[in-house]
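In what follows, a structure is listed as structure tokens, so that the remarks can point back to it.
What follows is calculated from the coordinates using simple rules that are stated; it is not laboratory data. For clarity, every value in this text was computed on a predicted model and none was experimentally measured. Virtual Cβ from ideal backbone geometry, glycine too; neighbours counted across all protein chains shown.
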Amino acid sequence: MMNLMAGLPDPQLETSVLAIIVNTGGLMFNNISLGLSGKASTRVSNELSVGRTQVTRVVVRSILLTAIASGTILGFPMTLFSNIWGSLFSNEENVVRYVSRTIPLLVASIFLDGFQCALTQVL
């Protein structure tokens, strides 16, 4: 609704692209980042509750490495196939082209969300 009210040059295009990007980001966040954060919270609290601080450090490092790996595993194919990603949702050429230009920002967001989610639960 905000896109339509903002008077953007092509509100239908912008709304379509926004829906695709938000759904993709939500899918990646809910399936990967939230799962990783739950694992981080449980594992760190279990190790700290028995007083194993050295093991906790290893756990936190492994969680950060997992966040890097998952961000890379998700981001690389999305960037590689950015021209195809929009066509999974729409058959309009403008939407597909616009989504492919927006994918790098989405990949950066997914990558950084993995860190944020994991570190929030570690804290």
(request) Please identify the pairs in which a residue from the range 15-33 that is in contact (Cβ under 8 Å) with a residue 60 or more places away in the chain has its Cβ atom under 6 Å from the Cβ atom of a residue that is among the aromatic types (F, W, Y) and not in a helix (DSSP H, G or I), counting only partners at least 6 apart or on another chain. (result) I20/F89
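Condition test on L13, is it within 29 Å of T120 (Cβ to Cβ), in a helix (DSSP H, G or I) and of a type outside the set (D, E)?
In short, no.
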(request) Would you please name the residue that is farthest from G26 (Cα to Cα), looking only at residues in the range 62-102 that are free of Cβ contacts under 8 Å to residues at least 40 places away in the same chain and among the hydroxyl-bearing types (S, T, Y)? (result) S62
